[in-house]
Amino acid sequence: MLKSLLKYAPVQIFAAISVFALISIHTKLLTTTEYGMLALMLLTVEVVRAVAAQWINSSMLRLLPSKKEEEYEHFAAIATSIIFCCTLPAVALVILGLYLTDLLTFYTFTATFLLFLTKAFYLFYLELARVMERLNQYRMAVLTQSIMSIVFTGGLLFFYPDTLSALCALFLSYIAAGSIVFKHLKFSISKLRTADAQAIFSYGLPLMASGLVAAISSRLDRYFIADNLNLAQTGIYAAISNILLGIGALIFMVVALPSYPELTKKINNKAELYKAHGEYLTLLCLIALPALVGFCLLAEPIMQLLLSEEYLSQGSIIIYILCAGVFVVNLKAHYIDHGLQFSLNTKYLPKISVLSLVVNLTLLITLIPLYGLIGAASAFFIASLISFSVALFLSIKKGYKYIVPRQVYKIIISTICMAIFLPELRVYNFLVMNIPILNVIFDVIIGVCIFSLILMLLNYKKCKIRIFNK
């Protein structure tokens, strides 16, 4: 699993860096109000994608590895035929989403729909390349999309600084990257009546329902902030939230992308599956836990690098709350939900998502008028924690066993020690440097050293024996 992880980690890390750069370009070349509008348009894209595309990708990832290699193209052709058929309702959903946010014009509809379409097919063919182990094409596509999104966005916004330019830059980057992983597949409506199509529907439709509700629930706060406060406040909250959600998603996906197909191959042997899932949790915690805690510790200088001053008016409390919520959301999606997926109980996922949506909606109505953006962040965290707990309870009740290896506890202890000692050993305590990026780099190196040293002292993966034997 670690070997598979190393195949994809470098490009995923580069993609993470590009996301930060992209947000920085958006927030520095657009006003807070314009960025608030862009956030609502991107929210529309994600909601529509949850209905018309993402559940098909998830079904393909779960079902395709169990097929024979000679059946891969036939199964992928069925999946892409379903996506083509879903583009028609996607048109109506894009119109509805923009209408509800008072952003509907011919130009905003065209740009938003093109972004949905290109992103949906790019991600489909990217996932297909990964499952079929076309590693070089996968890497090249991810790198191309990351670089082109920055180049196109910076170029277009420099000359035409508005939300339409930002959307156009993104869909152009997906076209450029999608051409690399594109594979000709035979599209046919008749394929929708096959047994494989039925398998995709039966497995994926509950995921579609839960994904739709989750996409709305996790970003519902934007609508309420825009309605109760203003678009400028929406832009400030969206910028901070997007950075944290992007960091969390990419950190977790570095492990999940290469490792999930490996887990599905063990689906018929519970003992091997539970053991592999424990190793997967260890990798997940090893990368995600210190990274997110370290980000919280260095939140102020990092945010100063990425955002302009007007986005930093809320202080650090909102960052800590959102970061905790991001960790819980991703741990649920990339670990806890596996218990329901592997036991074929995905029918519970939509119900959990609906519960989370109701809780989030209730809390947003209550907390935003009282506490503003802090209230929105708190609602997100509490709703995420409740859905996490319910998913864990149902998974265990349905017979799935979560094995937590001892190494996970060592990682937690090492992260706590890093959180205690890093503030005392940060570079600015000893040297005054006026180059923020160097401060961040040195602080990251110090944090990694503390974390690694404690892990070694705790004999993580019997590293002492390996070191002394050498």
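In the stretch 288-384, counting only helices (runs of 4 or more DSSP H) that sit wholly within it, the ones holding 2 or more residues that are polar (S, T, N, Q) span 348-371.
In the set Leu305, Leu297, only one residue is in contact with an Asp or Glu (Cβ under 9 Å, 6 or more places away or on another chain), open to solvent by 40 Å² or more (accessible area, probe 1.4 Å), of a type outside the set (Gly, Ala, Ser) and touching a residue at least 24 places away in the same chain (Cβ under 8 Å); that residue is Leu297. Among the residues that make up the stretch 321-338, is at least one of them without any contact (Cβ under 8 Å) to a residue 12 or more places away in the chain and not acidic (Asp, Glu)? No, every residue in the stretch 321-338 fails to be without any contact (Cβ under 8 Å) to a residue 12 or more places away in the chain and not acidic (Asp, Glu). Across the stretch 26-55, the number of residues qualifying as open to solvent by 10 Å² or more (accessible area, probe 1.4 Å), farther than 21 Å from Tyr99 by Cβ and polar (S, T, N, Q) comes to 3. Taking residues in the stretch 129-157 that are within 17 Å of Ala76 (Cα to Cα) and aliphatic (A, V, I, L, M), and partners anywhere that are open to solvent by 60 Å² or more (accessible area, probe 1.4 Å) and in a helix (DSSP H, G or I), the pairs with Cβ atoms closer than 6 Å and at least 6 places apart or on different chains are Ala129/Gln137. Restricting the search to the stretch 25-34, which residues are assigned to a helix (DSSP H, G or I) and under 11 Å from Tyr311 (Cα atoms)? Across the stretch 25-34, the qualifying residues are Thr27, Lys28, Thr32. The condition (being of a type outside the set (S, T, N, Q), open to solvent by 90 Å² or more (accessible area, probe 1.4 Å), out of contact with any Pro (no Cβ under 8 Å at 6 or more places or on another chain) and at pLDDT 85 or above) is satisfied by just one residue among Ile450, Ile396: Ile396. Go through the residues of the stretch 90-110 one by one and say whether even a single one is buried (at least 19 other Cβ atoms within 10 Å of the Cβ), more than 14 Å from Met41 (Cβ to Cβ) and modelled with pLDDT under 90. The answer is yes, given that some residue of the stretch 90-110 is buried (at least 19 other Cβ atoms within 10 Å of the Cβ), more than 14 Å from Met41 (Cβ to Cβ) and modelled with pLDDT under 90. In the stretch 351-375, what residues are touching a residue at least 24 places away in the same chain (Cβ under 8 Å) and under 12 Å from Ile216 (Cβ atoms)? The answer is Ser353, Val354, Ser356, Leu357, Asn360, Leu361, Leu364.
The values are calculated or read from the model by the stated rules, or taken from the named source; none is laboratory data. Note that the structure is predicted; figures quoted are calculated from it, not measured. Neighbour counts run over all protein chains shown; Cβ positions are idealised from the backbone, glycine included. Please note that ligands, DNA and RNA were not included when accessible areas were found on the heavy atoms of the full protein model with its side chains. Shrake-Rupley method; radii C 1.70, N 1.55, O 1.52, S 1.80 Å.
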